[in-house]
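The values are calculated or read from the model by the stated rules, or taken from the named source; none is laboratory data. These numbers were taken from a predicted model, which means no experiment stands behind them. Heads up, the Cβs are rebuilt from the backbone with ideal geometry, glycines too, and the neighbour counts pull from every protein chain shown. For accessibility, only protein heavy atoms count, side chains too; no ligands or nucleic acids. Shrake-Rupley method; radii C 1.70, N 1.55, O 1.52, S 1.80 Å.
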Amino acid sequence: MIIVMKLRLHLGLACFLLLRLGCTQEVSFRITPLRPVEELRPEALKEQPPREQGTFRKPELVELITLDPTIKLDIRYAGTNNFLGVPLYTQARAFLQRPAAEALLRAHQELKEKGYGLIIHDGYRPWYVTEIFWKATPDDKKIFVANPAEGSKHNRGCAVDLSLYDLQTGKEVTMPSGYDEMTDRAYADYAGGTAEERARRAILRQAMEKQGFQVIPDEWWHFDYKDWKQYPIMNVKFEDLGG
């Protein structure tokens, strides 16, 4: 009974903090990792990203909230409310390459006219985290994670996971699925959910595509910037990016 009461207390505190931040109150979709993240992390940190051929643009990662403080953050991988249930990032920050960041800012400004703002769940992701995701995720759900042998567009600073928040309430809106939900409800063309949820998903997609982003079929929240091929796979930790 004491354990249950403590658990309820912790959950209540977590919900209170999320409400104060204006973030979603939804508990993230969870999987049972194939191996504990505590084992995978040191292994991944010792590995190196795949070697790439070709010429790339010099990376210029921009922290998104420096462009507009009304861009909200709910960086799930910096806490426990994510599909693995443990922190993957040491800091709750979001970065994109400058052209992608400026395009996202334009989308955010346009959405304000419709009563919405952007809430960011993830942007640039160090390669070692992609390695952890791949080794932790069961084979039947690997469609939802990137293969580290190829790298992720997140690793290039040209992919962003995001949703909408209501400007009046400051709260994240509901969509046909939750973030990182590994089900068919997450598909960009999923026909279920409510009409309002699908309409909000369409508003987000239209605003992002207008600025050069493209949604991926399996995840309505994941958008890749059009110039992603011009940037290299990166493995720089957040704490090494300054700020």
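Number of residues in the range 203-226 that are under 18 Å from the mean Cα position of the chain (by Cα) and outside any loop (DSSP other than H, G, I, E, B) equals 16. Going by what's in this entry, would residue 80 be described as touching a residue at least 60 places away in the same chain (Cβ under 8 Å) and more than 21 Å from residue 225 (Cα to Cα)? Judged against the criteria, residue 80 is not a match. All conditions in (1) in a loop (DSSP other than H, G, I, E, B); (2) surrounded by 18 or more Cβ atoms within 10 Å (Cβ to Cβ) hold for residue 134, with the sole exception of (1). Do you know which residues across the range 87-102 are in a loop (DSSP other than H, G, I, E, B), open to solvent by less than 20 Å² (accessible area, probe 1.4 Å) and under 19 Å from residue 117 (Cα atoms)? Listed by number, the list holds a single entry, 94. The numbered conditions (1) more than 16 Å from the chain's Cα centre (by Cα); (2) more than 18 Å from residue 213 (Cα to Cα); (3) open to solvent by 20 Å² or more (accessible area, probe 1.4 Å) are all true for residue 189 except (2).
So in the range 9-60, with the set limited to residues that are β-branched (Val, Ile, Thr) and over 18 Å from residue 136 (Cα atoms), which one is modelled with the lowest pLDDT?
Of the residues in the range 9-60, the ones β-branched (Val, Ile, Thr) are 24, 27, 31-32, 37, 55.
With the extra rule that they be over 18 Å from residue 136 (Cα atoms), the set shrinks to 24, 27, 55.
Working: 24: 45, 27: 71, 55: 95.
Of everything passing the filter in the range 9-60, 24 is modelled with the lowest pLDDT.
For first residues located in the range 32-58 and over 15 Å from residue 83 (Cα atoms), partners that are loosely packed, with under 13 Cβ neighbours inside 10 Å and modelled with pLDDT of 95 or more and lie 6+ apart or on another chain with Cβ distances below 8 Å form the pairs 50/149; 50/150. Answer yes if at least one residue in the range 227-236 is open to solvent by less than 60 Å² (accessible area, probe 1.4 Å), aliphatic (A, V, I, L, M), over 20 Å from residue 102 (Cβ atoms) and part of a loop (DSSP other than H, G, I, E, B), and no otherwise. Within the range 227-236 (the criterion being open to solvent by less than 60 Å² (accessible area, probe 1.4 Å), aliphatic (A, V, I, L, M), over 20 Å from residue 102 (Cβ atoms) and part of a loop (DSSP other than H, G, I, E, B)), the answer is yes, since at least one residue qualifies. Exactly one residue out of 169, 137, 130 is modelled with pLDDT of 95 or more and farther than 21 Å from residue 89 by Cβ, and it is 169.
How about the range 64-86: which of its residues are outside any loop (DSSP other than H, G, I, E, B) and open to solvent by 20 Å² or more (accessible area, probe 1.4 Å)? Walk me through it before giving the result.
Start the filter on the range 64-86 by keeping residues that are outside any loop (DSSP other than H, G, I, E, B), which leaves 64-66, 72-73, 76-78.
Within the range 64-86, 65, 66, 72, 73, 78 qualify.
Kindly indicate whether residue 197 is part of a helix (DSSP H, G or I), out of contact with any His (no Cβ under 7 Å at 6 or more places or on another chain) and surrounded by fewer than 16 Cβ atoms within 10 Å (Cβ to Cβ).
Numbers: part of a helix (DSSP H, G or I): yes; out of contact with any His (no Cβ under 7 Å at 6 or more places or on another chain): yes; surrounded by fewer than 16 Cβ atoms within 10 Å (Cβ to Cβ): no.
Taking the combined requirement at face value, the residue does not satisfy it.
The set of residues in the range 155-194 being in a loop (DSSP other than H, G, I, E, B), without any contact (Cβ under 8 Å) to a residue 24 or more places away in the chain and either hydrophobic (A, V, I, L, M, F, W, C) or under 21 Å from residue 84 (Cβ atoms) (or both) consists of 191 alone. Of the residues making up the range 30-63, just one is among the β-branched types (Val, Ile, Thr) and in a helix (DSSP H, G or I), namely 37. Taking (1) open to solvent by 50 Å² or more (accessible area, probe 1.4 Å); (2) under 19 Å from residue 125 (Cα atoms); (3) part of a loop (DSSP other than H, G, I, E, B); (4) of a type outside the set (Phe, Trp, Tyr) in turn, residue 143 satisfies each apart from (3).
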